[in-house]
Amino acid sequence: MSRGLFITLEGGDGTGKSTQAELLREWLTAEGRTVVRTREPGGTDVGVEIRELVLHHRGDIDPRAEALLYAADRAHHVATLVRPALERGEVVVQDRYLDSSVAYQGAGRVLDPAEVRSLSEWATGGLLPDLTVLLDLDPGAARSRLDAARTRFDRLEAEASEFHERVRRAFLGLAAAEPDRFLVVDAAQPIDVIAERIRERVAALA
Ligand code: TYD
């Protein structure tokens with residue numbers, strides 16, 4: 001393996017993306033690769049400010065404005081960090097990329113997923129990952145990982161769980177449409193079993 005590789009991890013909140021990204025980074029490094037481990041939103045200094053705005057702003061952000069903020073983060077991240085690393089022949093291991101925009105902003109049911117995708121393609125000059133690992137997990141199971149103590153859902157949480165169910169279905173639909181780019185892994189499996197499946201697929205990319 002010596003050419004640049006762009007690997008993204010996708011999935012709902014609490015599906016173990018960061019854990020798997022870290023294990024992949026360690027393995028690739030042991031294989032002699034230089035790895036850039038990064039994430040969206042927030043992989044650059046500009047991105048940290050956009051992340052703060054989009055995730056911690058009090059009050060609503062208009063859906064188109066929100067989509068543009070994620071796209072702006074992505075444009076700057078790809079131009080200043082991801083593409084230069086790939087051009088140096090390095091491996092970029094990244095939590096979330098354009099599929100998150102299509103799944104999450106599309107799941108709000110206001111924006112057309114195809115338009116959200118085009119926006120990201122414009123923002124990145126059409127850069128697609130060599131491999132996208134989808135960690136697929138039932139949102140209820142993901143939630144209990146995040147908050148094991150909670151047993152009762154109030155109305156807002158129930159709405160949130162429908163939203164997360166739509167996000168999950170959107171990710172699975174994206175994976176089915178591009179089977180060559182995606183590896184779908186059952187994220188309910190043990191951490192090392194998941195890590196091994198990812199390593200096998202990455203090794204085959206060389
Ligand atoms: P992240 O930091 O990966 O959080 P988590 O650990 O919960 O997965 O992502 C933050 C949130 O941003 C997450 O809820 C998904 C959302 N998001 C979008 O809605 N659109 C996007 O394009 C991206 C990159 C993230």
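Can you tell me which of (1) assigned to a helix (DSSP H, G or I); (2) more than 9 Å from the ligand (Cβ to nearest atom); (3) modelled with pLDDT under 95 is the one Val54 doesn't meet?
Unmet for Val54, out of (1) assigned to a helix (DSSP H, G or I); (2) more than 9 Å from the ligand (Cβ to nearest atom); (3) modelled with pLDDT under 95: (2).
Among Leu127, Leu134, Leu119, which is the only one that is within 15 Å of the ligand (Cβ to nearest atom) and free of Cβ contacts under 8 Å to residues at least 60 places away in the same chain?
Answer to the selection: Leu119.
Taking Glu10 as meeting all but one of (1) closer than 24 Å to Arg117 by Cα; (2) more than 13 Å from the ligand (Cβ to nearest atom); (3) buried (at least 17 other Cβ atoms within 10 Å of the Cβ), write down the number of the exception.
Single failed check for Glu10: (2).
What residue, of Ala21, Ala79, is within 15 Å of the chain's Cα centre (by Cα), farther than 19 Å from Glu178 by Cβ and not in a loop (DSSP other than H, G, I, E, B)?
Every option except Ala21 fails the conditions.
So, in segment 173-195, how many residues would count as being surrounded by 15 or more Cβ atoms within 10 Å (Cβ to Cβ) and without any contact (Cβ under 8 Å) to a residue 40 or more places away in the chain?
1
Quick one: Gly4 ticks every box in (1) surrounded by 15 or more Cβ atoms within 10 Å (Cβ to Cβ); (2) modelled with pLDDT of 95 or more; (3) under 16 Å from the mean Cα position of the chain (by Cα) except a single one, so which number is it?
(3)
Only one of (1) more than 12 Å from the ligand (Cβ to nearest atom); (2) among the small types (Gly, Ala, Ser); (3) not in a loop (DSSP other than H, G, I, E, B) is not met by Gly59, so which one is it?
Among (1) more than 12 Å from the ligand (Cβ to nearest atom); (2) among the small types (Gly, Ala, Ser); (3) not in a loop (DSSP other than H, G, I, E, B), Gly59 violates only (3).
Can you tell me which residue within segment 104-116, out of those that are in contact (Cβ under 8 Å) with a residue 40 or more places away in the chain and in a helix (DSSP H, G or I), is nearest to the ligand (Cβ to nearest atom)?
Tyr104
What tally of residues in segment 83-131 results from selecting those that are of a type in the set (D, E, K, R) and over 17 Å from Glu66 (Cβ atoms)?
Counting residues in segment 83-131 that are of a type in the set (D, E, K, R) and over 17 Å from Glu66 (Cβ atoms) gives 7.
Hey, Leu28 hits all of (1) within 16 Å of the ligand (Cβ to nearest atom); (2) touching a strand residue (DSSP E or B) at 6+ places or on another chain (Cβ under 7 Å) but one; which does it fall short on?
All conditions pass for Leu28, except number (1).
Out of Thr34, Thr19, Thr38, I need the residue that is hydroxyl-bearing (Ser, Thr, Tyr), free of Cβ contacts under 8 Å to residues at least 60 places away in the same chain and within 12 Å of the ligand (Cβ to nearest atom). Which one?
Result: Thr38 is the single residue among Thr34, Thr19, Thr38 that is hydroxyl-bearing (Ser, Thr, Tyr), free of Cβ contacts under 8 Å to residues at least 60 places away in the same chain and within 12 Å of the ligand (Cβ to nearest atom).
So which pairs qualify, if the first residue must be in segment 67-96 and closer than 20 Å to Arg25 by Cβ, the second must be more than 15 Å from the ligand (Cβ to nearest atom) and assigned to a helix (DSSP H, G or I), the Cβ gap must be under 7 Å, and the two must be at least 6 apart or on different chains?
Val91/Leu28; Val92/Ala85; Val92/Leu86; Val93/Leu24; Val93/Arg25
The values are calculated or read from the model by the stated rules, or taken from the named source; none is laboratory data. Being a predicted model, the structure only gives us computed values, none of them experimental. Reconstructed Cβ throughout: ideal geometry from the backbone, glycine too, with neighbour counts over all protein chains shown.
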